[in-house]
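Heads up, the thing below is written out as structure tokens.
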Amino acid sequence: MSSRKNENTSNGIWSANEVELEGPNFAEFDEKLRRAIDKLGGKVFIKLNWSAPKDASWITSTRSLCCSDKADIYLLLKSSSCISDDLSQFSE
């Protein structure tokens, strides 16, 4: 991912330079998720302490809350208003 960064040069003219931005990396957590899914038979149902992402099943290819890989888990968590609301209440 890259973005433009404007810098004011000594002559007063703005120039654009490429700046590389890296997204977060959760390699260790991703590996733990993969192992947990495998250990539980290849399919899991995700849930926080408070609720499940029941309002986001529409976004998965199977229209289900059953997850078979970490991408399914991240997609459901990111797409759920229920999860978002729970996490925002928790942080207050």
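The values are calculated or read from the model by the stated rules, or taken from the named source; none is laboratory data. This one's a predicted model, so the numbers in the text were calculated from it and none came from an experiment. A quick note on method: Cβ atoms are made from the backbone with ideal geometry, for glycine too, and the neighbour counts reach across all protein chains shown. Each accessible area value is taken on the protein alone, full model and side chains, heavy atoms only, with ligands, DNA and RNA left out. Shrake-Rupley method; radii C 1.70, N 1.55, O 1.52, S 1.80 Å.
Annotations
- With K and R counted +1 and D and E -1, the other residues having a Cβ less than 10 Å from that of Phe26 yield a net charge of -1.
- Approximating the spin labels as points 7 Å out from Cα along Cα→Cβ, the Phe90-to-Ser57 distance works out to 2.2 nm.
- Lys43 contributes about 130 Å² of solvent-accessible surface, heavy atoms of the protein only, 1.4 Å probe.
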